[in-house]
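See below for the structure under consideration.
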Amino acid sequence: QVPFLARRYRVVTFDGRGSGRSDRPVGAEHYTVEAFAADALAVLDATGTDQVVVGAMSCGTLWAIELAARHPERVLGLFTLGPAVGLAPGHPERAVYPFEGTLADTEGWARYNADYWSREYDAFVEFFATRMFTERHSTKAREDFARWAAEIGPERLVDTDRGIARYPTDRLEAAVAELRCPVRVIHGSDDAIRPHAQGAALADAVAGDLITIGGGG
């Protein structure tokens, strides 16, 4: 999408902490929603970007909302794809298994577990890819996803999950209530990771636009 958008706009991207060429600090306190939002603000400052339309996907939506709520003068608008926001219930099959502790079950969403990641990270990545890319002919996307996941590794991914967990729903709701920029939500009707209802709830909360991709993951 970057080359397409760059035909008409200045596009700024960066590797989030824990991935790509960015640093990989140890500990969940380094991967909070506030920390990621601060990183985004630092990138805007470093690149001389006074105002921006933010594009965010999945959990990145939390970081984008925090940025827009705390620094409204910098954010002109927000596009979010498949937002991972707890403004509506998640998929029931995910709620069965805790992230912490050792589980006897190792199938399905039981693999979304810190202990399992430390032992069977590749198996988790393979499972998660099938839930992320549910559309037919998604082989290339799944392969790319597995390669990126291998570059990160389970330790920092565990830190990131724990860091996000420190952002309570009431804080999210407060940040959403403070948004003043236009918001457009894009969500697949068949999203197997975050239900379409969560994207719809975000769009409703901010009186934003909701675009539903029929049959999309």
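Kindly evaluate residue 64 against the criterion of being under 21 Å from residue 19 (Cβ atoms) and touching a Ser or Thr at 6+ places or on another chain (Cβ under 6 Å). Outline the logic, then answer.
Numbers: under 21 Å from residue 19 (Cβ atoms): yes; touching a Ser or Thr at 6+ places or on another chain (Cβ under 6 Å): no.
When the stated conditions are applied, residue 64 does not pass them.
Tell me, which residue of the stretch 193-207 that is out of contact with any Gly (no Cβ under 8 Å at 6 or more places or on another chain) and in contact (Cβ under 8 Å) with a residue 60 or more places away in the chain is surrounded by the most Cβ atoms within 10 Å (Cβ to Cβ)? Let's see the steps before the verdict.
Let us first name the residues in the stretch 193-207 that are out of contact with any Gly (no Cβ under 8 Å at 6 or more places or on another chain), namely 197, 200-201, 203-207.
Adding the requirement that they be in contact (Cβ under 8 Å) with a residue 60 or more places away in the chain leaves 197, 200-201, 205.
On the way: 197: 15, 200: 17, 201: 20, 205: 17.
Among those residues, the one meeting the criterion is 201.
Considering only residues that are surrounded by fewer than 17 Cβ atoms within 10 Å (Cβ to Cβ) and touching a Gly at 6+ places or on another chain (Cβ under 7 Å), which ones fall in the stretch 121-147?
Result: 134, 135.
Suppose we filter the stretch 111-120 for residues that are surrounded by fewer than 17 Cβ atoms within 10 Å (Cβ to Cβ) and within 23 Å of residue 90 (Cα to Cα); how many remain?
In the first step, residues of the stretch 111-120 are kept if they are surrounded by fewer than 17 Cβ atoms within 10 Å (Cβ to Cβ); the result is 115, 118-120.
Add one more test, that the residue is within 23 Å of residue 90 (Cα to Cα), and what stays is 115.
Selection size over the stretch 111-120: 1.
In the stretch 174-196, what count of residues is obtained for those that are farther than 17 Å from residue 62 by Cβ and aliphatic (A, V, I, L, M)?
Qualifying residue count, the stretch 174-196: 1.
I need the full set of residues from the stretch 182-192 which are open to solvent by less than 20 Å² (accessible area, probe 1.4 Å) and either small (Gly, Ala, Ser) or touching a helix residue (DSSP H, G or I) at 6+ places or on another chain (Cβ under 6 Å) (or both), in order please.
185, 187, 188, 192
Could you check residue 84 against (1) farther than 16 Å from residue 205 by Cβ; (2) in a loop (DSSP other than H, G, I, E, B) and say which number it fails?
Unmet condition: (1).
Of all residues in the stretch 153-175, which are over 15 Å from residue 112 (Cα atoms) and either buried (at least 19 other Cβ atoms within 10 Å of the Cβ) or among the aromatic types (Phe, Trp, Tyr) (or both)?
Looking only at the stretch 153-175, we keep the residues that are over 15 Å from residue 112 (Cα atoms), and these are 163, 166-175.
Hits for the stretch 153-175 are 163, 167, 172, 175.
Rundown of residues vs (1) of a type in the set (Gly, Ala, Ser); (2) in contact with a strand residue (DSSP E or B) (Cβ under 7 Å, 6 or more places away or on another chain); (3) under 24 Å from residue 211 (Cβ atoms), yes/no style:
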{"residue": "49", "(1), (2), (3)": "no, no, no"}
{"residue": "78", "(1), (2), (3)": "no, yes, yes"}
{"residue": "85", "(1), (2), (3)": "no, no, yes"}
{"residue": "104", "(1), (2), (3)": "yes, no, no"}
{"residue": "117", "(1), (2), (3)": "no, no, no"}
{"residue": "124", "(1), (2), (3)": "no, no, no"}
{"residue": "139", "(1), (2), (3)": "no, no, no"}
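A quick yes/no check of all residues on (1) surrounded by 20 or more Cβ atoms within 10 Å (Cβ to Cβ); (2) in contact with a Leu (Cβ under 9 Å, 6 or more places away or on another chain):
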site	(1), (2)
2	no, no
8	no, no
13	no, no
39	no, no
46	no, no
50	no, yes
53	no, yes
68	yes, yes
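Quick one: is residue 152 β-branched (Val, Ile, Thr) and over 28 Å from residue 197 (Cβ atoms)? Break it down into steps so the answer makes sense when it comes.
Working: β-branched (Val, Ile, Thr): yes; over 28 Å from residue 197 (Cβ atoms): yes.
In short, yes.
The values are calculated or read from the model by the stated rules, or taken from the named source; none is laboratory data. What you see is a predicted model; the values in this text were computed from it and never measured. Note: ideal-geometry Cβ built from the backbone for every residue, glycine included; neighbour counts use all protein chains shown. Side chains are part of the model used for accessible areas, which takes the heavy atoms of the whole protein and leaves out ligands, DNA and RNA. Shrake-Rupley method; radii C 1.70, N 1.55, O 1.52, S 1.80 Å.
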